[in-house]
Each structure stands twice: as structure tokens, then as C-alpha cells.
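Colleague: Before we start, here is the structure in question, set down as C-alpha cells.
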Amino acid sequence: MTDLCRLTLKEATDLAKQDGAQSLLNAFSKRAQALNPKVNAFLRFDPAKIEASVNKAPLCGVPVSIKDNICIDGREVTCASRILAGHVAPYDATVIEKLKAAGATLFGQCNMDEFAFGSSCETSAIGPCKHPWDLARVPGGSSGGSAAAVAADMTLAALGSDTGGSIRQPAALCGVVGLKPTYGRVSRYGLIAFGSSFDQIGPITKTVEDAAILTNILSGHDPKDSTSAPRSVPDFTQALKRDVKGLRIGLPKEYFIEGIDPEVEKSVRQAADLYKKLGATVQTISLPHTEYSVAVYYIVAVAEASSNLGRFDGVEYGLRVPAKELREMYFETRDQGFGQEAKRRILLGTFVLSAGYYEAYYLKGQKVRTLIRQDFEKAFREVDVILSPTSPTPAFKIGEKTADPLAMYLSDIFTIPANHAGIPAMSVPCGFTASGLPIGMQLMARPFEEAALFRAGYAFEQETGIYKKKPTL
């Protein structure tokens, strides 16, 4: 008998069209209820009932889970923060409207780093999410719950958000596929903002094919989002070919640096060798301003975060701590509502935007961000796709980096540059460590050329079959 929870999104959709979706939903509900106490991937688990008409829709009622910073009308949305406890979304995000129109069942809301501030899913006010391959380790962040739920077969697919690697890094650590689309490809309307010039919603799936299917549904211009690009959306599944002959792949020398885990570097270089055997050309390229990307991110992104989080003060949303004076109410609500990492980033962001420091930090950061984008523009004159590690290390142990914020921030050193440049980037499983932890490789392409990522990712995935290996829980 087929284990329904092991199916891919494509396989499950085909099955649901034939037999109806209720058996799928029952299987995933049973598995999620059994495993979530161990993994803590879901904050809330409340799947809607299947409607009889759903079998005619593209996603046929199959369960898709949602990161808890994306608004679903009538459901609590908290960003895994105490300050938004009890806050119920008054409308659907555009991506939720699209999923509902496609017939998906909104299966559960996933754990995350508070307000997406983190690389480990440990800053969640509801407690850390656990790695499905090793419960003593982190699943990555900030979309750690989404990645863990997909890797543990507790959902068929999930949505995450990616500001500096928050889809790709947990996807790499958990051994699943994660796509950050081009900035503007997918509407941000209804996403609770972290860094408005960085944030993108994207899919976390079991396979590259599943990612292409979901990206078809999620993409498109949205007049409710002023940053949404008025671009036509191709059928990304048409790019799923095993043929990569003639594809030009670049290996950025700045991404193979001292301190990278040797097993990670070995797996990614082996992936490059496989691409050569499949007919692609591989050459070394340079992205010279990469070394500044983390520093610039923690100036520009935290500045945007401090501005965006200014609205959470106990007046309109969620938590309010009673006090005699209005000013005291602000102080106490924010003190009790925000966690340590959120406070750290708000303080940093407020500092770099303050009088006397704006030009020295924020303005200079924006100028260097332009140089990073220009590095990519130059590189893409020579290559079609850039290949790198997604994360410099496999999953680390819970608590290992919480006392050292700088070490935690460096977890995103290879993913942040794509957010600076606004280009599409995808993490695909490419191997395992000797101890059995997943390793992910990152593919990057020109703006709005997600099709190149799907072509390259699918060819590798089909040739290796790595995605078929599952954790034992």
C-alpha cells in the first residue's frame, strides 16, 4: 500500500483527481498529530474540510502549510511573537487567495523565528522547531517550521518568506527544495513585513517539479503590492528537462572560503562535476563584493525592520500590557512582547537611521548594495546560472550559536547576496554528511529567469535521486 505522506505534490494531485482528496488529508492529519509534539513544526493545526467541488481545481484539496507571517482571513497570525498573541488576520494575503483559488487545503501555520529574525528557528516565542533528521539540531530559519514539516512528510508543501535566506537555508539544512523568486515576481501583499526591499514569499517542496507547480500558482502581478512586477508568467513546468547541454554555470570563488565545512564544499564541487558530465560548462567567476554582504544586510535590513515593527506598540495589534501612562504602556508592551533578537534588530535599525548616523551607515550600505547587484549583472554576462553552497555548514545543534549573534548571522553568508540583488535563487539537496545530515546547493539566475533554476535543478535532481531519501522519525 502506498504511504500517502511520502507522495510528492505532483503525485498527490494526480491521486486526488482520481480518488478525491479526503484520504490524503486524513493521512497527513494523522502523521502531523503524531509527529508535531516532537518536531514543533506547526504552531497551529486547523485544516479546513474538503469541499466536494475541489477535485476539479489544480491542487485538488492537497495540504499546503503556511509560515506564520502570512495573513489568512479569520485565523490568528503571530509571527511566532508574544506581541501579536491573539491577533486575527482580517484578510487573505494574495498568495493565500491564489492557493484557495487553486483548491489547496490550508493545512497548518508553521513555526518560525520571531518576525523572521533568525537562522535557526530558535527565536520563536512558542519554542524552537527541531530538525527532522536529528531532533537535537536546528532546522534552519527563519522558515524552519515550513522546511521541517515538508522534510518530515507532515505536509505536501509549504510557503515561506525569504529576506536573507529564510527559505533556502532551512531547505538546505532539512534536505528539501526552497525557492526565493525574483523580487516582485510574487506578491508581498499580506506578508507581515521584515525588510520590505528584501522580502519575498516562495515555496518549500519535496522536489523541483513541485516547486515549479507552486511557483506557477503564486506568481503574477498584483496591483495591491506596489513592488509587484507587471511581468507575464511562463509555465515553469516547461523548463523541467534533464538536458543541460550548453548551460553555462559559474562557481563564485568568494563562496568557497576558509571556514566552510569540508563536506559541504565537497558535495557542491561534486555537483559541478556532474553538471559537466551532463553537458554543461562550468567556470570560475568572481563576485568581489560578497565579503560585504552580511555587514550591509545588517544595516539596511534592520533599518527596514525597525521601521516596520514600529506599528506594534500595544495600541492596535495583539498584546497590550496595562499601565497608568501611555508611554509606560508602550515600554512595557514592547519589553514583554518582543524577544531578545527582535529587540536587538530594532535597536540596530533605529541606530543606523538616527540623525548623524544615517549617511555613515544606511546610505553607505545602500551604495555597497548597488555594487553587489552590479557584481551579479557582470557575472551573468558570462554565465546562465551561478552554483554555490546554500549554507556554509550542515545543521548545527540547538543552542550552539544562540550566545554568539555574529556566528548565527554568518549562517546566511551565501544566501544574503541574492536578496541584495533581487535575483531568483533556489536550494536543492545535493548530498549528505558522513553522519547523515542533508547538504544543499544554491542555484542563482538573472532576474525573472526562474526557468533556468528549474531546468538546472531538475536535471541534477533526476540524475541523483537524492530527494528520495527520507528522515526516520
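Colleague: Test Ala229 against the stated conditions and say whether it is among the small types (Gly, Ala, Ser), outside any strand (DSSP E or B) and farther than 26 Å from Glu114 by Cβ. Before you say what the answer is, go through the steps one by one.
Modeller: Working: among the small types (Gly, Ala, Ser): yes; outside any strand (DSSP E or B): yes; farther than 26 Å from Glu114 by Cβ: yes.
So Ala229 passes the test.
Colleague: Residue by residue through region 150-170, note down the ones that are part of a helix (DSSP H, G or I) and farther than 14 Å from Cys110 by Cα.
Modeller: So in region 150-170, the residues part of a helix (DSSP H, G or I) come out as 150-151, 168-170.
Listed by number, the residues that qualify are Arg168, Gln169.
Colleague: Just give me the residues in region 248-273 being in a helix (DSSP H, G or I), more than 12 Å from Ser391 (Cβ to Cβ) and hydrophobic (A, V, I, L, M, F, W, C), in sequence order. Reasoning before the result, please.
Modeller: Filtering region 248-273 down to residues in a helix (DSSP H, G or I) leaves 253-255, 262-273.
After this cut, where a residue has to be more than 12 Å from Ser391 (Cβ to Cβ) as well, the list is 253-254, 262, 266, 269-273.
Ala271, Ala272, listed by residue number.
Colleague: Can you tell me which of Leu99, Leu59, Leu43, Leu84 is modelled with pLDDT under 95 and surrounded by 20 or more Cβ atoms within 10 Å (Cβ to Cβ)?
Modeller: Details: Leu99 fails: modelled with pLDDT under 95; Leu43 fails: modelled with pLDDT under 95; Leu84 fails: modelled with pLDDT under 95.
Of the residues listed, the single one that is modelled with pLDDT under 95 and surrounded by 20 or more Cβ atoms within 10 Å (Cβ to Cβ) is Leu59.
Colleague: Any residue that is touching a Pro at 6+ places or on another chain (Cβ under 7 Å), surrounded by fewer than 21 Cβ atoms within 10 Å (Cβ to Cβ), over 18 Å from Ala303 (Cα atoms) and modelled with pLDDT of 95 or more - is there at least one of those in region 360-383?
Modeller: If we filter region 360-383 for residues that are touching a Pro at 6+ places or on another chain (Cβ under 7 Å), which is where we start, we get 372, 375.
Restricting the remaining residues to those that are surrounded by fewer than 21 Cβ atoms within 10 Å (Cβ to Cβ) gives none.
Scanning region 360-383, I find no residue that is touching a Pro at 6+ places or on another chain (Cβ under 7 Å), surrounded by fewer than 21 Cβ atoms within 10 Å (Cβ to Cβ), over 18 Å from Ala303 (Cα atoms) and modelled with pLDDT of 95 or more, so the answer is no.
Colleague: Something else about it: Taking Ala157 as the residue in question, decide whether it is surrounded by 24 or more Cβ atoms within 10 Å (Cβ to Cβ) and touching a Ser or Thr at 6+ places or on another chain (Cβ under 8 Å).
Modeller: yes
Colleague: OK, next. Which ones in region 371-415 are out of contact with any Asp or Glu (no Cβ under 9 Å at 6 or more places or on another chain), farther than 18 Å from Ile285 by Cβ, in contact (Cβ under 8 Å) with a residue 40 or more places away in the chain and not in a loop (DSSP other than H, G, I, E, B)?
Modeller: Tyr409, Leu410, Ser411, Asp412
Colleague: Search region 115-146 for residues being in contact with a strand residue (DSSP E or B) (Cβ under 7 Å, 6 or more places away or on another chain) and within 24 Å of Glu304 (Cβ to Cβ), and hand back the single one that is surrounded by the fewest Cβ atoms within 10 Å (Cβ to Cβ). Steps first, answer last, please.
Modeller: Filtering region 115-146 for residues in contact with a strand residue (DSSP E or B) (Cβ under 7 Å, 6 or more places away or on another chain) gives 116, 126, 131, 133, 136-139, 143, 145-146.
When the remaining residues are screened for being within 24 Å of Glu304 (Cβ to Cβ), the result is 116, 143, 145-146.
Values: Ala116: 29, Ser143: 37, Gly145: 38, Ser146: 38.
Checked region 115-146; the qualifying residue surrounded by the fewest Cβ atoms within 10 Å (Cβ to Cβ) is Ala116.
Colleague: Continuing with the same structure: Can you tell which of Ala193, Ala212 is in contact with a Phe, Trp or Tyr (Cβ under 6 Å, 6 or more places away or on another chain), among the hydrophobic types (A, V, I, L, M, F, W, C) and more than 20 Å from Gly108 (Cα to Cα)? Steps first, answer last, please.
Modeller: Working: Ala193 fails: in contact with a Phe, Trp or Tyr (Cβ under 6 Å, 6 or more places away or on another chain).
Answer to the check: Ala212.
Colleague: Right, next: When both residues are 6+ apart or on different chains and their Cβ atoms are under 9 Å apart, which pairs have a first residue that lies in region 450-473 and is more than 20 Å from Lys245 (Cα to Cα), and a second that is aliphatic (A, V, I, L, M) and part of a helix (DSSP H, G or I)?
Modeller: Tyr467/Val208; Lys470/Ala151; Pro471/Ala151; Leu473/Ala34; Leu473/Leu35; Leu473/Val39
Colleague: Within region 211-243, how many residues are under 25 Å from Ala147 (Cβ atoms) and of a type in the set (Gly, Ala, Ser)?
Modeller: 5
The values are calculated or read from the model by the stated rules, or taken from the named source; none is laboratory data. Since this is a predicted model, take the numbers as computed values, not measurements. No Cβ is skipped: glycine too gets one built from the backbone with ideal geometry, and neighbour counts run over all protein chains shown.
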